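The values are calculated or read from the model by the stated rules, or taken from the named source; none is laboratory data. Nothing here was measured: the structure is a model prediction, and the numbers come from that model. Cβ placement follows ideal geometry from the backbone for every residue including glycine, while neighbour counts extend to all protein chains displayed. Note: accessible area is taken over every heavy atom of the protein model, side chains too, but ligands, DNA and RNA are not part of it. Shrake-Rupley method; radii C 1.70, N 1.55, O 1.52, S 1.80 Å.
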Amino acid sequence: MTFPELATLHAQGASQQPTWNDRDAVDTTYARLRAVPPLVFAGECDDLKAKLAAVTRGEAFLLQGGDCAETLAGATADNVRAKLRVLLQMAVVLTYAASVPVVKLGRIAGQYAKPRSSDLETRDGVTLPAYRGDAVNGYEFTPESREHRPERLLDVYNTSAATLNLVRAFVTGGYADLRQVHDWNTDFVRSSPVGKRYERLAREIQRALTFMEAIGADPDEFHRVDFHSSHEALILEYEHALTRIDSRTDKPYDVSGHFLWIGERTRRLDGAHVEMLSHIQNPIGVKLGPTTSADDAIALAQKLNPENEPGRLTFITRMGAKRIREALPELVEKVTAAGIQVAWVCDPMHGNTFEASSGYKTRRFEDVMDEVQGFFDVHRALGTWPGGLHVELTGDNVTECVGGGEDLLEADLANSYESVCDPRLNRVQSLELAFLVAEMLSEVHVPTED
Ligand code: PEP
Ligand code: MN
């Protein structure tokens, strides 16, 4: 199978690309990235695809989450552990409360490049290039930092490798062992209602595990979890250099991550991103905003998944709480009627961003919940499977989204606003979301008894 040349893709028109002034540096970086070892193995991408096929069939639920934008400086052991921990806690809540297998996918180990609505940012009368993620430039508001530098892609590769190495160690080395359900909660506000609620659930799980061990189940079965990496495939040089021909199948895989998605701003049918991802074998996603027509979605599916293979394609809808109930039904109905195999996943974050009066970009927990509820309602009405949740979150106690059980106010945002891009749910809000979604999911999912 052939993979298009980088120049051919650029000629096709790629939006949201860096403006690199130093061509030699781009060429050198690209050549070095072509020579580095893969971050993931193609067989792992196939495993994830098989799990997403189960999501497509309505037999599993996808939990995809992490930062809007990872930063190189933020790739510390504490941060990685905290992110993994909140995802594991959410997954346990969803699995246990709804009796449905949960596919765990991090926005992690590669989520370093951001599409922006404006190329420039002005502060106090000074205008500089907008921050486009650590893969492209620095967050600091100086001309040097904001310059687009291709060498950063090598830092992204190295930091992604280190992050993924740690994630693999955690998920196979015992940290993610189900018998640790309590320990994931130890430093948590057990006094908070959601902390207590989690504690009760953890006790039940512990009892169930003890029972299973007593009747002879192999405790090693609980020892490790499957966890995969994902990011938006945005910078052509990076994704192209890391696409390799798999020795087993002779087919191209993008080995920068297990799952890649195309953003709302780069999903043009005849654009370079759709073309590039149409040639790789990984499971992929496409973000669909409220202006997506059913014809657009069907054409994207036909281009990206011509064989209609379940698990290959996920549509991540991000409509906004106000629009989901009117925009989603026709899309799902027509795509389904066209016989298209796709997993439907809800991103309740990107259609619900607004600027607080203090200037912080934020989201209301209530809007996030409302969009998820709308997503479940629409799928229930159509008899289709609400396949998953895609969220921006962190394991830390940040103050970036307002509302939730702790009732964070706009005035609280300044206390601990750490995101360099979009506002994330903090640990308490993430866990609350998991409990609420688990309730919705348990209503749709009636476990079969045999
Ligand atoms: C994102 O996921 O951070 C993002 C930019 O999303 P979208 O493409 O849906 O706007
Ligand atoms: Mn974002």
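Over the C-alpha atoms of the chain, the Rg to Rh ratio, Rh being the Kirkwood estimate, stands at 0.95. Taking the three principal axes of the alpha carbon atoms in the range 378-450, the coordinate ranges are 51, 20, 19 Å, sorted in descending order. Across all directions, the average projected area of the convex hull around the alpha carbons of the range 146-294 is 14.9 nm². Only beta bridges with both residues in the chain are counted; by DSSP, about 25 percent of them are antiparallel.
Two decimals, Cα atoms only, Kirkwood Rh: what is Rg/Rh over the range 89-128?
Numbers: Rg = 19.5 Å, Rh = 14.2 Å.
Across the range 89-128, the Cα-based Rg/Rh ratio is 1.38.
Sorting 334, 83 by solvent-accessible area of protein heavy atoms yields 334, 83, largest first, with a 1.4 Å probe.
Note on the range 160-202: Kirkwood radius taken over Cα pairs, Stokes-Einstein applied at 20 °C and 1.002 mPa s, translational D equal to 184 µm² s⁻¹. Taking the solvent-accessible surface of protein heavy atoms with a 1.4 Å probe, what is the per residue accessible area of the chain in Å²? With the other protein chains kept in place, the chain gives 40 Å² per residue. Per-residue extension of 0.36 nm, minus the Cα-Cα distance of residue 122 and residue 411, leaves a gain of 101.7 nm for this segment. The 1.4 Å probe gives accessible areas that order 384, 19, largest first, as 19, 384. Full extension of the segment from residue 251 to residue 196, taken as 0.36 nm per residue of separation minus the current Cα-Cα distance, would add 14.9 nm.
3J(HN,Hα) along the range 407-418: 6, 5, 9, 4, 5, 7, 4, 5, 4, 8, 9, 10 Hz, from the Karplus curve 6.51 cos²θ - 1.76 cosθ + 1.60 with θ = phi - 60°, whole Hz, x for Gly and Pro. Apply 1/(1 + (r/R0)^6) to the Cβ-Cβ distance of residue 337 and residue 291, taking R0 = 22 Å, and write down the FRET efficiency to the nearest 0.05. My answer for the efficiency is 0.60.
Annotation: Cα Rg of the range 299-392 relative to the compact-globule expectation 2.2 N^0.38 Å equals 1.17. Over the range 173-228, the pair-distance histogram of Cα-Cα distances with 10 Å bins from zero comes to 23, 45, 28, 4 percent, rounded to whole numbers. Compute the distance from the alpha-carbon center of the range 115-132 to that of the range 69-102, in whole Å. Each part reduced to its Cα centre gives a spacing of 32 Å. Note that the range 355-364 has calculated 3J(HN,Hα) couplings of 9, 6, 4, 6, x, 6, 6, 9, 9, 8 Hz, one per residue in order, obtained from phi through the Karplus relation 6.51 cos²θ - 1.76 cosθ + 1.60 (θ = phi - 60°); glycine and proline are x. With the charge dipole of the chain set up from +1 on Lys and Arg Cβ and -1 on Asp and Glu Cβ about the Cα centre, the Cα lying farthest toward the positive end among the listed residues 205, 321, 50 is that of 50. Residues whose amide H falls under 5 Å from that of residue 243, counting only those 5 or more places apart or on a different chain, are 255, with hydrogens built in the peptide plane.
Remark: the range 255-342 carries a charge dipole of roughly 360 debye about the Cα centre, counting +1 on each Lys and Arg Cβ and -1 on each Asp and Glu Cβ. Any idea which of 233, 30, 99 is furthest toward the positive side of the dipole for the chain, if Lys and Arg beta-carbons carry +1 and Asp and Glu beta-carbons -1? Among 233, 30, 99, the one farthest towards the positive end of the dipole of the chain is 99. If R0 is 30 Å, the Cβ-Cβ spacing of residue 223 and residue 442 corresponds to a FRET efficiency of close to 0.65.
For the chain, the list of Cys residues with no other Cys C-beta under 4.7 Å reads 45, 346, 401. Heavy-atom accessible surface of residue 369, to the nearest 10 Å², is about 30 Å², with a 1.4 Å probe and all protein chains retained. Using a probe of 1.4 Å, the accessible surface attributed to residue 250 totals some 100 Å² when neighbouring protein chains are kept in position.
For the range 54-139, the share of accessible area belonging to carbon and sulfur comes to 48 percent (1.4 Å probe, ligands and nucleic acids excluded).
Fully extending the segment from residue 418 to residue 172 would add 85.6 nm, taking 0.36 nm per residue of separation and subtracting the current Cα-Cα distance.
Entry for the range 132-210 at q = 0.24 Å⁻¹: log10 I(q)/I(0) = -1.04, Debye formula applied to identical alpha-carbon scatterers, no solvent contribution. Using a 7 Å offset from the Cα along the Cα-to-Cβ direction at both residue 34 and residue 142, what is the distance between the two label points in nm, to one decimal? Distance between the two pseudo-spin positions: 3.5 nm. Would you mind telling me the share, in percent, of accessible area of the range 150-306 contributed by carbon and sulfur at probe 1.4 angstrom? Roughly 50 percent, rounded to a whole number. Paramagnetic label reach from residue 161 (point 7 Å along Cα→Cβ; backbone nitrogen cut-off under 18 Å): within the range 21-39, residues 28-39.
With both labels modelled 7 Å from their Cα along Cα-to-Cβ, the residue 213 to residue 380 distance reads 3.9 nm.
If you build a Gaussian network model of the chain, linking Cα atoms that sit under 10 Å apart, which residue out of 70, 59, 232 swings the most? Sorting by GNM fluctuation, first place goes to 59.
If I take R0 = 22 Å and measure r between the Cβ atoms of residue 278 and residue 27 in this structure, what FRET efficiency does the formula 1/(1 + (r/R0)^6) give, to the nearest 0.05? It would help to have the intermediate numbers written out before the result.
Working: r = 26 Å, r/R0 = 1.16.
My answer for the efficiency is 0.30.
Which of the DSSP-defined H helices in the chain satisfy a minimum axial length of 24 Å, computed from C-alpha atoms, and a minimum mean Kyte-Doolittle hydropathy of -1.0? Provide the component values of the computation, followed by the final result.
Details: long enough: 77-98 (31 Å, 0.80); 152-173 (31 Å, 0.54); 193-214 (32 Å, -0.61); 365-382 (26 Å, -0.03); 427-444 (26 Å, 0.89).
Helix filter hits for the chain: 77-98, 152-173, 193-214, 365-382, 427-444.
Each Lys and Arg contributes +1 and each Asp and Glu -1, all at the Cβ; summed about the Cα centre of the range 1-92, the dipole is approximately 260 debye. Placing +1 on the Cβ of every Lys and Arg and -1 on the Cβ of every Asp and Glu, with nothing else charged, gives the chain a dipole about its Cα centre of roughly 200 debye. Using only the C-alpha atoms, the convex hull of the range 1-70 corresponds to 193 Å³ per residue.
Taken as Cα centroids, the range 353-372 and the range 269-347 sit 25 Å apart, rounded to the nearest whole angstrom.
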